[in-house]
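A short write-up of the structure that comes next.
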Amino acid sequence: MPDLTATAVACPNIAFIKYWGNRDDALRLPTNGSISMNLDGLCTITRVTFEPDLPADALSLNGIPASEPARQRVQDFLACLRQMARTELHARVDSHSNFPTGAGIASSASAFAALSLAASTALGLDLPLADLSRLARRGSGSACRSVPGGFVEWQAGHGDEDSYAVTIAPPDHWALVDCIAVVSRSHKGITSSEGHRSAWTSPLQAARVADAPRRLDLCRRAILDRDFASLVDIIELDSNLMHAVMATSTPSLIYYQPATLAVIQAVRRWRGEGLPVGYTIDAGPNVHVITLAEYAGPVADRLQGIEGVEQVICAGPGGPARLVSGDDAPSDAPEGCRTGG
Ligand code: DP6
């Protein structure tokens, strides 16, 4: 008889080569592969308890009952798992994140990675890493990359069976730091899921997708060779391509705010002065400024000095999703968030 309860922790990740657009929206099969780095010290801790008398799944986020769409998304996700585990039990899900949600630091990635591990364990399923990553993908595409640790590649695959993420280098392979310039903490208007559905309305998406294998190769090689200049070249190109697709989709999506552009310009200027820095931006206005660990302090100080930058959060490469004891699940848990690295 399984315990019916488990608690897991997972980090968010920053995409170096972006996932934007699905071949199959329901299964979240992406049009192109993607590469990311887990973010150590940022995390979501999720406790799942299946209860015999619960009529529906219940979700609380940071101690507050979640909105109906968020609860429904978790219920739809848990329906996949119920099918796998052949149970009809519903669950109480309590999830806490220690970073601003909805503004370009993918909270759905850490949330669904932690939920996949906690819920599958609670039901007594001991899933291999690939199957756990496939399961997390059903909740949120980028969540499949928060299941393995370190530098991660999501192979687009041909179908549900082979579309999952694997580690390409462990957290201690390369001391990169993501200095996240938070320019807005407010929730974005258009969700990533809606954005994926409109990606093909842009005439630029076909070109972005056709060139993706080349960018994936260059990015993978730059990581394996610890070649910072090549990494920066390719992640900036990839980010710019995705935001060009977004801006030319119907409806047109522009996530940048004035401070987003101010940070981009500053990063280019600093690089010209010899500082090892590059930028990448997910589906929000915040700028992820990638640098080497020894430069993280000065880079964070400089970012803090830019008008419109509210906060700078620095994170090195993080470990995989992992189980923690139920007692380790406080509301705001920087210690519990250390997943490795
Ligand atoms: C811009 O994984 O958040 O961050 O599958 O609908 O949950 P859903 O989308 P999501 O999309 C992430 C988009 C991105 C790029 C990336 O992380 O690769």
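Read-outs: derived from the displayed coordinates by stated rules, not from any lab. None of the values given here were measured: they were computed from a predicted structure. With ideal geometry, Cβ positions are generated from the backbone for all residues, glycine too; neighbour counts draw on all protein chains shown.
How large is the convex hull of the C-alpha atoms of the range 241-310 per residue, in Å³?
Working: hull volume 6.3 nm³, N = 70.
Here the figure is 90 Å³ per residue.
So what is the 222 nm mean residue ellipticity for the chain from helices alone, if each DSSP H run of at least 4 adds -39500 (n - 2.57) and you divide by all residues, rounding to the nearest 500 deg cm²/dmol? Numbers along the way, then the final one.
Working: 9 runs with 115 residues, N = 341.
Dividing the helical sum by the residues of the chain leaves -10500 deg cm²/dmol.
Only Cα pairs under 8 Å and at least 6 apart count here; give the relative contact order of the range 1-118 as a rounded whole percent. Each step should come with its number before you reach the end.
On the way: 208 pairs, mean separation 42.5, N = 118.
It comes to 36 percent, rounded to a whole number.
Starting from 0 in steps of 10 Å, tell me what percent of the Cα-Cα pairs of the range 146-273 lands in each bin.
Using 10 Å bins, I get a P(r) of 10, 32, 41, 16, 1 for the range 146-273.
So how far apart, in nm, are the two label points at LEU323 and MET1 if each is 7 Å from Cα heading toward Cβ?
1.8 nm
Helix 258-272 sits at what angle to the longest principal axis of the chain, using alpha carbons and giving 0 to 90 degrees rounded to 10?
Value to nearest ten degrees: 60.
Using only the Cα atoms of the range 92-199, construct the convex hull and provide its projected area averaged over every direction, in square nanometres to one decimal.
Numbers: hull surface 34.4 nm².
Seen from a random direction, the Cα hull of the range 92-199 projects 8.6 nm² on average.
What relative contact order, as a whole-number percentage, does the chain give when Cα pairs under 8 Å and 6 or more residues apart are counted?
RCO, the chain: 27 percent.
Measure nothing but the geometry: give the 0 to 90° angle between the long axis through the Cα atoms of 129-139 and the longest principal axis through the Cα atoms of the chain, rounded to 10°.
Helix 129-139 sits roughly 90 degrees off the main axis of the chain.
I'd like the orientation of helix 68-85 relative to the chain: the angle between its Cα long axis and the longest Cα principal axis, in ° from 0 to 90, rounded to 10.
Approximately 60 degrees, to the nearest 10.
Between the alpha-carbon centers of the range 44-123 and the range 15-34, tell me the distance in whole angstrom.
What the calculation gives is 22 Å, centre to centre.
Please state, as a whole number in µm²/s, the translational diffusion coefficient that the Stokes-Einstein equation yields for the chain at 20 °C and 1.002 mPa s, with Rh defined as the Kirkwood radius across alpha carbon pairs.
Working: Rh = 19.9 Å.
Estimated via Stokes-Einstein, D reaches 108 µm²/s.
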